[in-house]
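Worksheet for the structure shown next.
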Amino acid sequence: MSSVTVNGELHEISGDPNMPLLWYVRDILNLTGTKFGCGAGVCGACTVHLDGVAVRSCQTTLGDAAGKSITTIEGLSPDGEHAVQKAWRKINVPQCGFCQAGQIMQAASLLAKNRAPSDAEIVEAMSDNICRCGCYQRIHEAVRLAAGGV
Amino acid sequence: MLHYLKTDADPAAEKKANAEISNVSRRGVLGGFLGASAFVMAVRFAPADAREALKPYPTGGLKMPDGVVSDPHVFIAIAANGDVTIVTHRSEMGTGIRTSLPMVVADEMCADWSRVRLMQAPGDEPKYGNQDTDGSRSMRHFIQPMRQCGAAMRQMLEAAAAAKWGADASLCRARNHEVALLDKEGKDTGKVLTFGELAEAALALPVPAPETILYKSPDEFTLMGKGEVQIVDLHDITTGKAGYGADTRLPGMKFAVVARPAVVGGKVKSYDASAALKVPGVHSVQEIEGVFAVPRKFGQLGGIAVVADTTYAAIQGRAALTIEWENGPNVSYDTDAYAAEMSATAAKPGKVLRNQGDADAAFANAKDVITAEYHGQHMVQAPMEPLVAIARIVDGKAEIWAPVQSPYGARKDIAAALKIPVENVTVHVSLLGGGFGRKSKWDFMLEAALVSQKLGGTPVLLQWTREDDIQHSFYHTTSVERIDAAVDDKGKVIGWRHRTVAPSIVSTFKADDGYQFPIEYGMGFVDVPFDIPNIRCENGQAMAHARIGWYRSVSNIQRAFAVQSAACEVAHKLGRDPKDFLLELIGPDRNIDPKTSGFPDDFWNYGEPYEEFPINTARLKNVIRVAAEKAGWGQSLPPREGLGIAAHRAFASYVASVVHVKIDDDGTIRVPQVTSAIDCGFHVNPERIRSQMEGAAVMGMSNALYSGITFKKGAVEQSNYFDYNVTRMSNYPQKVSVHIIETPETTHAGGVGEPGVPPFAPALANAIFAATGKRLRNLPMGEKLS
């Protein structure tokens, strides 16, 4: 029996260690903020933090996560006031909003290790997160804003 | 809290209400109508004395199934504590409509937006009016009914206050969630009654007759046009709480995925589920019968569903299925062969749809003929949220939760598929994680309902994977557009012949004859707005071998690409500036007269009455001038950079875009700047119009450079975002500047969600030509120049 910490809560895990973390958080823990977009690690909608670093939860197995700490969008900030979340609202980033949890988790991970990313670094960090509505201009601006403090 | 809302639709009463609205609209402003408003205005004080009964105009909304409804009892509830609930009956897929329409209601009724809650309507068109959120119609069709609804409620609140005070209603003025009593000089008496205090009495009053309802004047607006209202779901979206299709959790819910035929019309010949059933967590395997009779409409493809405890187990189980398929005739569908066939068809005369002047004579007399052929591949909508639906059946009553653009259409078909009365089906609408036309087809909901039924009503979440989404869509059509332009010895275009060849969406709805139907040929084909004396538009036959459907802006994509590229090609041949030449092609300011311009009798004007929404060349030229000026048209740019322009009218709105392109040393096509101008008439939410236009540039870039669906042996060759490419942040339009044309309130609202898309690809192609001299005529063009 192993365990995984999700948003600060310890969960004993059993069953198939190959189950992607995505389906564990969505279908077993009912944390539905993390989204299924491609199942192939190419869209970023399912991005969560594994020990503080952005990973694709559809490509991270429960086995990979054992003994580690997972943060989903629900756990990013207790009151939804993380600098990235605030910047997102200030810039009115979302359209349909479906990819935004993944975008926000990706941006938060970037800013956690690089407090003042250059435009090129923002583009590099965010380029694997697809937004089909096309909010990129605002995502870019919001990451800049969050880096500068909201 | 919602006890004031009508719980049951009263179809007879609402039909009557609809009839009244449409009668008023058809009658226009009658003498009595004006008289009534003048009378009321006479006793009003500034600024409300500027209020008047807005001249109603008919829209296509009146002819949509179940029309429009403007009854405040249907859309507004006021609780005793003053909380206002507004029903939002259109589907939210990213345009902001879930916010924008209630904002119209709230503004007209003088509600405090912070005290407004929304209720998403279930699929019930007899009650709410048409809910098919498609065709950029929501604001176009519902701005009037929603203003009417809010204004009626304002007057009911004022009348209720008047009764309580025993005062003249004209001295009772609604403002900011309360009604104030004024004295005869129009000054505050200090007496107020809150909306909560007035709710019960106001809601018991009869709804004022439409011709007695006075609308706010634009200078009284508190929400409309201000750009200060954020989308209602913004906080929930940024915190992971917003509810999309797969986010509802029901007790005992199972998860399912379906193996479907790779070729449309394919059937399960035999299957072996023994390995699938051994996958841990797999509960059962269910065969779903497909809909094969033509027309298939939005019927399910059929296949084998695997039902499990988690989505993961269901996917694993599906991978373990062994299925033998019978492909049927569409197995011959091959993109390369089909493109060659379309091209050959386009080289020959086709069915004439528009015939103005004498094109044959013009070409016979031409000094020069310029010919170009443009190809477009199929595309798939690929919204970030793959299709998903949740179904449950209890005591013969089905409940479905889904991200659906047309919940009532879905509800009727689900009832038929389950063989239960439509009253016994409820369709709840979640947020849509993008739609782009795919979620107006409800095959995925039928699948969920049928699987739940097979399971005895067990709640089931039926999830499409991304591969399912890419490979089993209703695709944007593939096309060949061939344009010949005849030029005389003075350098004037005297003849224009445009042939279109594309499998039609109509194949989804009736037996395919291979020809376009009015909705398709009305999208930038027969309505080409050029002042050329001899125009002929012809359509060549192309049979559909895949499911064809709507995709954001639909046929406008390939038509604007062809027409606006060709205009630039001719300009170049004649040594003319593309912008000036385009303005000249459009010609004098006028409303184009379809009758004298050879348009077909069944010309489709986005469903709108032509007199109210004519093709106005002055508005089209204006957006071109504005976009060009703001983009610095004519500036000199470094080598391998260029500007391209294109303009297009679609969904009763006018958009021009200037794309600034920069070609990297390795050939990568980059877009540092897009400058767009949109004239969508009277509008209420400029901030969301901007976001739609920004997004349209991004999707336009996907369409132009990246996205193509190809078929081999009848099956789609792409499977996920690694081979069906879309624009990413690594290369996106860096800055999209949007200029919204301010128009008087009397300029009818046009569409916003789609019209931004069509001009992008031709503007980009024209910019690439300006930068490099290379003319790209095939969509997708590819990210790099060879």
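Where a number appears in this text, it was derived from the coordinates with a stated rule and is not lab data. Given the structure is predicted, the values throughout are model-derived calculations rather than measurements. Backbone-built Cβ (ideal geometry, glycine too); neighbour counts: all protein chains shown.
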The stretch B:473-533: trypsin sites (Lys or Arg not before Pro) falling in loop per DSSP and having at most 11 other Cβ within 10 Å: B:LYS490
For chain B, give the share of DSSP beta bridges that are antiparallel, in percent and rounded to the nearest 5; count only bridges with both residues there. 75 percent
Given N residues in the stretch B:57-97, what is its alpha carbon radius of gyration divided by 2.2 N^0.38 Å? 1.50
Exceeding the 27 Å Cα-Cα cut-off - candidates B:LYS490/B:LYS621; B:LYS439/B:LYS630; B:LYS254/B:LYS441; B:LYS164/B:LYS184; B:LYS441/B:LYS621; A:LYS35/B:LYS439: B:LYS439/B:LYS630; B:LYS441/B:LYS621
Determine the distance separating the Cα centre of the stretch B:168-238 from the Cα centre of the stretch B:491-544; give it in Å without decimals. 49 Å
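When a footprinting reagent is the concern and you count Cβ atoms within 10 Å, what order do B:TYR57, B:TYR551, B:TYR515, B:TYR706 take, fewest first?
Lowest to highest Cβ neighbour count: B:TYR57, B:TYR706, B:TYR515, B:TYR551.
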In straight Cα distance, which aspartates and glutamates are under 17 Å from A:LYS113, not counting same-chain residues fewer than 8 positions off? A:ASP51, A:GLU121, A:GLU124
Distance violations [Cα-Cα > 31 Å] among B:LYS297/B:LYS595; B:LYS712/B:LYS784; B:LYS187/B:LYS216; B:LYS55/B:LYS351: B:LYS297/B:LYS595; B:LYS55/B:LYS351
Of all DSSP beta bridges in the stretch B:442-584, what percent run antiparallel (nearest 5)? 50 percent
Divide, for the stretch A:2-75, the radius of gyration over alpha carbons by 2.2 N^0.38 Å, where N is the residue count. 0.95
Report Rg (one decimal) and Dmax (nearest whole number) for the stretch B:656-786, counting Cα atoms only, units Å. 16.4, 54
Largest first, please: the extent of the C-alpha atoms of the stretch B:333-398 along each principal axis, to the nearest Å. 74, 29, 23
For the stretch B:124-201, what is the per residue volume of the convex hull drawn over the alpha-carbon atoms, in cubic angstrom? 119 Å³
Using DSSP, restrict attention to beta bridges with both residues in the protein assembly as shown and report what percent are antiparallel, rounded to the nearest 5. 75 percent
Relative contact order in percent for the stretch B:271-358 (Cα pairs under 8 Å, 6+ apart) equals 29 percent
Rg/Rh ratio calculated on Cα atoms of chain B (Kirkwood radius): 0.99
Over chain A: Kirkwood hydrodynamic radius from C-alpha pairwise inverse distances, Å: 15.3 Å
In 10 Å bins starting at zero, report the fraction of Cα pairs in the protein assembly as shown per bin as a rounded %. 2, 12, 21, 24, 21, 13, 6, 1, 0
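Treating only the Cβ of Lys, Arg, Asp and Glu as charged (+1, +1, -1, -1), what charge dipole size does the protein assembly as shown show about its Cα centre? Round to the nearest 20 debye.
580 debye
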Would you mind finding the longest exposed-site-free stretch of chain B, with exposed GluC sites (Glu not before Pro) meaning DSSP loop and at most 13 other Cβ atoms within 10 Å? B:290-610
Looking at the stretch A:83-148 from every direction and averaging, what is the projected area of its Cα convex hull in nm²? 3.7 nm²
So what is the orientation-averaged projected area of the stretch B:312-367, using the convex hull of its C-alpha atoms, in nm²? 8.9 nm²
Any idea what the relative contact order of the stretch A:83-148 is, in percent, if you count C-alpha pairs under 8 Å spaced at least 6 apart? 52 percent
Send over the per residue convex hull volume for the stretch B:303-342, Cα only, as a whole number of Å³. 113 Å³
If you count, for every residue in A:118-125, the Cβ atoms of partner chains within 10 Å of its Cβ, what is the mean? 1
Rounded Å value of the spacing that divides the Cα centres of the stretch B:92-164 and the stretch B:296-362: 39 Å
Tail beyond 18 Å, pair distance distribution of the stretch B:574-618 (Cα, percent): 41 percent
Which of B:GLY303, A:LEU111, B:ALA511, positive extreme of dipole for the protein assembly as shown (C-beta unit charges): B:ALA511
